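J.: This is the structure I have questions about; it appears just below.
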Amino acid sequence: MARGRSPGQEVARGYDPGRVRLAVPASHSALQLLRGARDEGVEAILIAHRRYYDAIYSRFPWLYSRAVVVESWRDLLAPSVVEQLREANAVLVPHASLIEYVGVETLLSLELPVLGNRYLLEIEASWDRKLSLLEDAGIDTPRRFSSPREAAEAGVPVIVKLPGAKGGRGYRLAAPRDVEKVAAELEKQGYRPGDLVLQEYVVGVRLYSHYFNSLVHGRVELLGMDIRLESNVDGLARVPPRLQEELGLEPSYTVVANMPIVARESLLARVLDYGERFARAVERATGYPAAGPYSLEGIVTESLEYKIFEFSGRIVAGTNVYTGLQTPYASLYWEDPMYMGRRIARELREAAEKGILEKIIT
Amino acid sequence: MARGRSPGQEVARGYDPGRVRLAVPASHSALQLLRGARDEGVEAILIAHRRYYDAIYSRFPWLYSRAVVVESWRDLLAPSVVEQLREANAVLVPHASLIEYVGVETLLSLELPVLGNRYLLEIEASWDRKLSLLEDAGIDTPRRFSSPREAAEAGVPVIVKLPGAKGGRGYRLAAPRDVEKVAAELEKQGYRPGDLVLQEYVVGVRLYSHYFNSLVHGRVELLGMDIRLESNVDGLARVPPRLQEELGLEPSYTVVANMPIVARESLLARVLDYGERFARAVERATGYPAAGPYSLEGIVTESLEYKIFEFSGRIVAGTNVYTGLQTPYASLYWEDPMYMGRRIARELREAAEKGILEKIIT
Amino acid sequence: MARGRSPGQEVARGYDPGRVRLAVPASHSALQLLRGARDEGVEAILIAHRRYYDAIYSRFPWLYSRAVVVESWRDLLAPSVVEQLREANAVLVPHASLIEYVGVETLLSLELPVLGNRYLLEIEASWDRKLSLLEDAGIDTPRRFSSPREAAEAGVPVIVKLPGAKGGRGYRLAAPRDVEKVAAELEKQGYRPGDLVLQEYVVGVRLYSHYFNSLVHGRVELLGMDIRLESNVDGLARVPPRLQEELGLEPSYTVVANMPIVARESLLARVLDYGERFARAVERATGYPAAGPYSLEGIVTESLEYKIFEFSGRIVAGTNVYTGLQTPYASLYWEDPMYMGRRIARELREAAEKGILEKIIT
């Protein structure tokens, strides 16, 4: 399905390609985006809530040419801000924190060029569409259950996920016999049954693969991998089993930090294939290319299957492990240090120079 | 409280700022300090016990301009060594191994410039003063108990720590009902009740933040983060619960290795604030600035609190993960590869060039 | 024991030292070998099974000057391939995947220069000779048991390993009382009792040390360390003990990924010593130097013993964590970014330039 010009592509028609800037919303992965822009000689405009501006970004004024500071989260993309960004020929880099602050609907109708595919963000916001996209792409995923009863009968551990990208907060792991109880508890807290996602909890090594789909270079690049550290579950491993039992400690999954990782080389056959399948599936589903960064988040089992349980249709925070650095995988494509923040800025610069900015935005 | 000239500041008055050298005690983080000095064109003098010199440092003669090799640990700062260092215009970099070898009293009265704040080392050496400093700084810390009975009644897991920085050796984790028994056992081994530290054992993701307080640039820089791997506790996680039980395996906490890590970006608000609060509290407590490197060691909980259970008032060994490399956080401040060993050498060089050496030593 | 010219040394007599190339078999660590060759200006010839060529290496044509693509694993070193490589003055880099594909016997009689010591690969292929070599070197190893009964009586956890390097697949951890049962199960699956290796399972922090024995520079360099992530065992740590029990989950050890790590600096005394002891023992055992890369794989206990349970007598895949990057340990020897793939290419280039190619091959 091919579609007409997106709102951002429409706006970009009036841009001066020689003076394109990057609009970087504070938090999430803003620091590497700012550093990356500087590495590529692209001017960056920071848009920040005052609280984060004062606490974090005001300490690094050399990383941006201008800061737009607002007093509330929703104002990050208030009309006056958008107006300023348009006048500055700015392309907005969306990330999970921005989506959380302003809502995906705001981004869908935003009259500003958005780096990558804004319609993919809409898919990402719905568990059902998100997992269906992976399945349509022909990517291996964990079993998904349509009801707590079905999950209980499967006899496998089940992870119960909540709607929205909250960095893993509130997720619950349940034994087969407990899954109905856990679902009932969450419903009492106000979640609708249809909003809970029930996935088989696959036991293995987590692997988050970071891709960059370059429309300028005509290839999907694998730029890195990371593993997330989550609280409290990664701390529980250090508490003796008897004590966990005695204190009634249950795992929780708030993302706290990330570590760099590389996969067994033969796994790259699947990793690279998944990255390209995903790009094709996104284009089929939205009518626009999956330009720019995305991530596939999965588990590798003992038989070396790679089961993707989630994706990020934009830059993922795990790429922060490489801020300012060369990454092991980027070194296969690029001579100089290349990390996601810089890769984005380079694509923007090159697309503008070649007059194909429209290709990498929506 | 402002104080007079420290012994090292007094000695430094006679130094030739154009010929300042770095004195690096063997072990701990010596290799990155030596490499860092070389990167900055600062001559380094290694002071080493023969055992480590022969086994490690003699293999890297290109990393130092001179080695002072002694036959016993205490002799590392024997009068003849100190005399040589003074004649060489040397500034001593203190670290945990040096403190263990020569004792903190030796460092307090040492007539040699010590990089950073030697009085902070004295505070670090006392659990009570150490934790009080964190509390005075307004930094969130785990609950501390004044007696095993009080700890037992709190109903939380408790970590029992021993006096002195022994790299975590001998620490014990206790369930509420066992904490009194564990304390009694340790007392039988000769520890005085008042010397044992009883802290709530917070479950979450460990995060060790490395700071550099630059008096030359007037800012506290966040240069990196790491996570420690401890034996046997990080190996126990790979032993099935039933087997741990059957074999009676209990966790122990000897630091063996370190891995690089980055935090969720929004956590930096707290991380940066803690780093600056700490610097102010040190200056209040000692009358001298917290110049140079230090580290805050904590746990991030599932609700994203960052609870600091300990600090290092000097270079921490976890910075070794970045030896010779750019670090993700350093790349926000520095263009070139910058890691703690090099940062120290650069500050020394710049302070000497600007004639403000006195500011960064005691 | 000194031996005559090896088959590869014989072939290399006809090589033009000014036109030496590197032959890199696909998979395992091929990507860093290719990138390393390019960094050093050494032409690389990729030899690949079509499946991996299409899925992985065809995406990186700039990393090699020629690709020899075959349709079956055994054909990787078919006579026609070997002939092509000889004509190209190529030196073959052996790795675990190549050995798995063609068998160690093929490599032993191969009439092509093999980087490093091909006879060490033969020792590596036999558990008994492998562990004996470590013991002969005077390297600390875990207890080894000659029968399940003996292992059971030792009262320690036991890891049961299978013949061949299968990346840890199929290994079993057994409690003392279960070890005889586990061995019996494996025998029913067709393993001969004498082929099973019964080692004490040492609890602690895993540490894989990467060495490069340079005949050009006359030293054993420590170039890096890593830690392996294995499926499912590293995922089990995140499953509550009660749930592991309920679902009957048992650990398995398929290597999936690697992470960078650095050791406590004082441990380097042992790490460096082991690396040199190993080199000497290899030369005693085979009559040829242990030229080039190898790895010692062990556990550090809570009392800081470093017990080596295995070695790799060639490049180990864990070095992939540093592909294209400077490593913390390499920075002690080398100014520029240096990682194992590049180190190999540099040694080859330098040996050829100095006319001592024969020294670094067999």
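We did not get these values from a lab; they are worked out from the coordinates using the rules stated. All figures in this text were calculated on a predicted structure; none of them were measured in a lab. We place every Cβ from the backbone using ideal geometry, glycine too, and count neighbours over all the protein chains shown.
J.: Along the Cα-to-Cβ line of C:Lys354, 7 Å from the Cα, sits a label point; which residues in segment C:288-304 have backbone N less than 13 Å from it?
T.: Under 13 Å, as judged by backbone N against the label point of C:Lys354, lie C:292 of segment C:288-304.
J.: Hey, in the GNM for chain B with a 10 angstrom Cα cutoff, which one of B:Arg238, B:Arg149, B:Arg314 fluctuates hardest?
T.: Judging by the Gaussian network model, the answer is B:Arg238.
J.: Then there's this: Show me, bin by bin at 5 Å from 0, the whole-percent P(r) of segment B:1-144 based on Cα pairs.
T.: 2, 9, 18, 20, 18, 14, 9, 6, 3, 0
J.: Nm distances between the label at C:Thr106 and the same-position labels in the remaining copies, 7 Å along Cα→Cβ, shortest first?
T.: Listed shortest first, these distances are 6.0, 6.0 nm.
J.: Ok, one more. So what's the Cα pair-distance distribution over segment C:84-199, bin width 10 Å, in %?
T.: Whole-percent P(r) values from 0 Å outward: 12, 35, 29, 15, 6, 1.
J.: How long are the three semi-axes of the equivalent ellipsoid for segment C:227-268, computed from the Cα gyration tensor as the root of 5 times each eigenvalue, in whole Å, largest first?
T.: Values for segment C:227-268, descending: 28, 13, 7 Å.
J.: Quick one: grab Rg to one decimal and Dmax as a whole number for segment C:144-200, Cα atoms only, in Å.
T.: Over segment C:144-200's Cα set, Rg and Dmax evaluate to 10.2, 29 Å.
J.: Relative to the Cα centre, what is the charge dipole magnitude of chain B, using +1 at the beta carbon of each Lys and Arg, -1 at the beta carbon of each Asp and Glu, and rounding to the nearest 20 debye?
T.: 420 debye
J.: Another question about this same structure. Between B:Asn117, B:Ile299, B:Met225, whose Cα lies farthest towards the positive end of the dipole of chain B when Lys and Arg beta carbons carry +1 and Asp and Glu beta carbons carry -1, centred on the Cα centre?
T.: Going by the Cα projections, it comes out as B:Asn117.
J.: With springs only between Cα atoms under 10 Å apart, run a GNM on chain A and tell me which of A:Gly190, A:Gly103, A:Gly298 wobbles the most.
T.: In this elastic network of chain A, the residue with the biggest mean-square fluctuation among A:Gly190, A:Gly103, A:Gly298 is A:Gly190.
J.: Just for the protein assembly as shown, what percent of DSSP beta bridges are antiparallel, to the closest 5?
T.: 75 percent
J.: Shielding by partners for A:170-180, please: the mean number of other protein chain Cβ atoms within 10 Å of each residue's Cβ.
T.: Mean shielding by partner chains, rounded to a whole number: 2.
J.: Between B:Glu150 and A:Arg129, what's the calculated FRET efficiency when r is the beta-carbon distance and R0 is 35 Å? Round to 0.05.
T.: After rounding, the FRET efficiency stands at 0.05.
J.: Oh, and also: Sorted from largest down, give the three principal axis spans of the alpha carbons of the protein assembly as shown, whole angstrom values.
T.: 82, 78, 60
J.: Next question. Round to a whole angstrom and tell me the spacing of the C-alpha centers of segment C:118-132 and segment B:218-253.
T.: So the two Cα centres are separated by 33 Å.
J.: Another question about this same structure. Less than 15 Å Cβ to Cβ from A:Glu105, Lys/Arg counted +1 and Asp/Glu -1: what total charge do the surrounding residues give? Walk me through the numbers on the way to the answer.
T.: Details: positive: A:Arg74, A:Arg118, A:Arg129; negative: A:Glu100, A:Glu111, A:Glu122, A:Glu124.
Within the 15 Å Cβ shell, the charges total -1.
J.: If you don't mind, there's one more thing I want to ask. Would you mind pulling out the separation of the Cα centroids of segment A:159-198 and segment C:29-65, in Å?
T.: Spelled out, the Cα-based centre of one part sits 46 Å from the other.
J.: Cross-link list C:Lys307/C:Lys354; B:Lys181/C:Lys161; B:Lys161/C:Lys307; C:Lys130/C:Lys188; A:Lys161/C:Lys181; B:Lys307/C:Lys307: which exceed 30 angstrom alpha carbon to alpha carbon? Show your work: numbers first, answer last.
T.: Working: C:Lys307/C:Lys354 38 Å; B:Lys181/C:Lys161 40 Å; B:Lys161/C:Lys307 27 Å; C:Lys130/C:Lys188 25 Å; A:Lys161/C:Lys181 40 Å; B:Lys307/C:Lys307 35 Å.
In this structure, C:Lys307/C:Lys354; B:Lys181/C:Lys161; A:Lys161/C:Lys181; B:Lys307/C:Lys307 exceed 30 Å between Cα atoms.
J.: Now for a different question. So what does log10 I(q)/I(0) come out to for chain B at q = 0.07, 0.09, 0.10, 0.12 Å⁻¹, using the Debye formula with one equal point on every Cα and no solvent?
T.: Values returned for q = 0.07, 0.09, 0.10, 0.12 Å⁻¹ are -0.31, -0.51, -0.63, -0.90.
J.: Using only atoms on other chains, find how many Cβ atoms lie within 10 Å of each Cβ of peptide A:331-338 and report the average.
T.: Taking all residues of A:331-338 together, the mean is 5.
J.: Angle between the Cα long axis of helix B:179-188 and the longest principal axis of chain B, 0 to 90 degrees, nearest 10?
T.: Tilt of helix B:179-188: around 60 degrees.
J.: So which trypsin sites (Lys or Arg not before Pro) in segment A:1-71 end up in coil per DSSP with only 15 or fewer other C-beta atoms within 10 Å?
T.: Numbers: sites: A:Arg3, A:Arg5, A:Arg13, A:Arg19, A:Arg21, A:Arg35, A:Arg38, A:Arg50, A:Arg51, A:Arg59, A:Arg66; in loops: A:Arg3, A:Arg5, A:Arg13.
Taking segment A:1-71 and a limit of 15 other Cβ atoms within 10 Å, the loop trypsin sites (Lys or Arg not before Pro) found are A:Arg3, A:Arg5, A:Arg13.
J.: Over chain A, what is the relative contact order in percent, taking alpha-carbon pairs closer than 8 angstrom and at least six residues apart?
T.: Result for chain A is 23 percent.
J.: Another question, if that's okay. Taking the Cα atoms of segment A:219-362, report the difference between the largest and smallest coordinate on each principal axis, in whole Å and largest first.
T.: Over segment A:219-362, Cα extents along the principal axes are 64, 33, 30 Å.
J.: Using r as the Cβ-Cβ distance of B:Arg177 and B:Arg242, and R0 as 22 Å, what FRET efficiency do you calculate, to the nearest 0.05?
T.: Here the calculated transfer efficiency is 0.55.
J.: Compute the distance in nm between two label points, each set 7 Å from the Cα along the Cα-to-Cβ direction, one at B:Arg13 and one at A:Glu111.
T.: 7.1 nm
J.: When Lys and Arg each count +1 and Asp and Glu each count -1, what net charge do the other residues less than 15 Å away from A:Ser80, Cβ to Cβ, add up to?
T.: Local charge sum for A:Ser80: -2.
J.: Okay, moving on. Restricting to bridges with both residues inside chain C, how much of the DSSP beta-bridge set is antiparallel, in percent to the nearest 5? If you can, show how the numbers build up before the last one.
T.: On the way: 39 of 52 bridges.
Approximately 75 percent, going by the DSSP bridge assignments.
J.: Arranged from highest to lowest average of other beta-carbon atoms within 10 Å per residue, in what order do the peptides A:332-342, A:118-128, C:338-348 appear? Could the numbers behind the result be given before it?
T.: Working: A:332-342: 22.2, A:118-128: 20.1, C:338-348: 27.0.
Highest mean packing first, the order is C:338-348, A:332-342, A:118-128.
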